[in-house]
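Asker: Please see the structure below; I have some questions.
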Amino acid sequence: MDIIRDPSLVLDLPLHLLDGSSFASKDMYGHLATPAGGAYWTPRGWYIDKTDSKITVANHTALQPTTAISIIVWVYQIAWNGNARIAVKNDGTDYGLVFDATNTRFTFNINGGARQNPTVGTITTGVWYMLAGTYDSAIVNAFINGILVNAASGAYATAINTSATDLCIGGRTADNAANVDGYIGEVQIYSRCLNPQEIQNNYLATKFRYR
């Protein structure tokens, strides 16, 4: 899979490469991304503290898919902050990845309510993970390190909500009550549902950066 030239790649944000008070994504749209609070760049990605850090990506119609979506994020937690937003649009009311309050799982949300909460595969602090969620207008799936991990695929045949809100990485737009405490290495969003082999290929192609 060519993750750069795929026309469905509507956001490609290799945060391990991007530094500055603002920067553009590496997809065809060049979305403006702006860090806030105590966020700062490192060679492995942006550090997000749980007090006031986040990165916002300016709203664009390309970030408002209605029929299918895939989200992929590399993330490392220093300490667990339950319900922390990993990458969300409209705080997950449209779509997003969120750490679960149980301190071992994450949730992939569609429309804030169709949630796929993996029950297989424990997430711990001090380890890099590639977390992913996919939706094809019928089934919601979640992946850890390229492996499908939800116990049963979630059936949900509804269009994805759209809004004019910015995409928020590492927190939520409204406040600083749900920030990731750790690092985010890269974020990708596709306007289609990647199949399990494509998710695994993405993991194998990028994991060398996060050992």
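Asker: Please return the ranges of strands (runs of 3 or more DSSP E) entirely within segment 101-211 where 3 or more residues are over 13 Å from the mean Cα position of the chain (by Cα).
Answerer: Values: elements: 106-110, 114-116, 128-135, 139-144, 167-169, 182-190.
Strands (runs of 3 or more DSSP E) meeting the threshold: 114-116, 139-144.
Asker: Every residue in segment 167-177 that is crowded, with 16+ Cβ neighbours inside 10 Å and either out of contact with any Asp or Glu (no Cβ under 8 Å at 6 or more places or on another chain) or modelled with pLDDT of 95 or more (or both), please.
Answerer: Hits for segment 167-177 are Leu167, Cys168, Ile169, Gly170, Gly171.
Asker: Shifting gears a bit: Go over the candidates Thr56, Thr42 one by one and state the one that is surrounded by fewer than 15 Cβ atoms within 10 Å (Cβ to Cβ) and not aliphatic (A, V, I, L, M). Spell out the reasoning first.
Answerer: Values: Thr56 fails: surrounded by fewer than 15 Cβ atoms within 10 Å (Cβ to Cβ).
Being surrounded by fewer than 15 Cβ atoms within 10 Å (Cβ to Cβ) and not aliphatic (A, V, I, L, M) holds for just one of Thr56, Thr42, which is Thr42.
Asker: From the residues in segment 178-198 that are of a type in the set (A, V, I, L, M, F, W, C) and buried (at least 24 other Cβ atoms within 10 Å of the Cβ), which one is nearest to Gly38 (Cα to Cα)?
Answerer: In the first step, residues of segment 178-198 are kept if they are of a type in the set (A, V, I, L, M, F, W, C); the result is 178, 180, 184, 187, 189, 193-194.
Within this subset, residues satisfying the condition of being buried (at least 24 other Cβ atoms within 10 Å of the Cβ) are 180, 184, 187, 189, 194.
Working: Val180: 12, Ile184: 14, Val187: 19, Ile189: 25, Leu194: 34 Å.
Among them, the one singled out is Val180.
Asker: Which of the residues belonging to segment 167-187 are in contact (Cβ under 8 Å) with a residue 24 or more places away in the chain, hydrophobic (A, V, I, L, M, F, W, C) and over 15 Å from Ser70 (Cβ atoms)? Talk me through it step by step, then tell me what you get.
Answerer: Restricting attention to segment 167-187, the residues satisfying the condition of being in contact (Cβ under 8 Å) with a residue 24 or more places away in the chain are 167-174, 176, 178-187.
Imposing the further condition that a residue be hydrophobic (A, V, I, L, M, F, W, C) reduces the set to 167-169, 174, 178, 180, 184, 187.
The answer is Cys168, Ile169, Ala174, Ala178, Val180, Ile184.
Asker: Given Lys50, Lys26, which one is surrounded by 14 or more Cβ atoms within 10 Å (Cβ to Cβ), in a loop (DSSP other than H, G, I, E, B) and at pLDDT below 95?
Answerer: Numbers: Lys26 fails: at pLDDT below 95.
Exactly one of Lys50, Lys26 is surrounded by 14 or more Cβ atoms within 10 Å (Cβ to Cβ), in a loop (DSSP other than H, G, I, E, B) and at pLDDT below 95, namely Lys50.
Asker: Sticking with this structure for a sec: Can you tell me which of Ala164, Ala159 is surrounded by fewer than 16 Cβ atoms within 10 Å (Cβ to Cβ), in contact with a Ser or Thr (Cβ under 6 Å, 6 or more places away or on another chain), in contact (Cβ under 8 Å) with a residue 24 or more places away in the chain and more than 17 Å from Val75 (Cα to Cα)?
Answerer: On the way: Ala164 fails: in contact with a Ser or Thr (Cβ under 6 Å, 6 or more places away or on another chain).
From the options Ala164, Ala159, the qualifying one is Ala159.
Asker: Right, here's the next one. Any residue that is within 15 Å of the chain's Cα centre (by Cα), in a loop (DSSP other than H, G, I, E, B) and at pLDDT below 95 - is there at least one of those in segment 54-74?
Answerer: no
Listed here are the residues, each with its yes/no results for (1) out of contact with any helix residue (DSSP H, G or I) (no Cβ under 9 Å at 6 or more places or on another chain); (2) of a type in the set (D, E, K, R); (3) modelled with pLDDT of 95 or more.
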{"site": "Glu186", "(1), (2), (3)": "no, yes, yes"}
{"site": "Ile189", "(1), (2), (3)": "no, no, yes"}
{"site": "Ile199", "(1), (2), (3)": "yes, no, yes"}
{"site": "Thr206", "(1), (2), (3)": "yes, no, yes"}
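The values are calculated or read from the model by the stated rules, or taken from the named source; none is laboratory data. In this text, all values refer to a predicted model and were calculated from it rather than measured experimentally. So basically every Cβ, Gly included, is an ideal-geometry build from the backbone, and we count neighbours across all protein chains shown.
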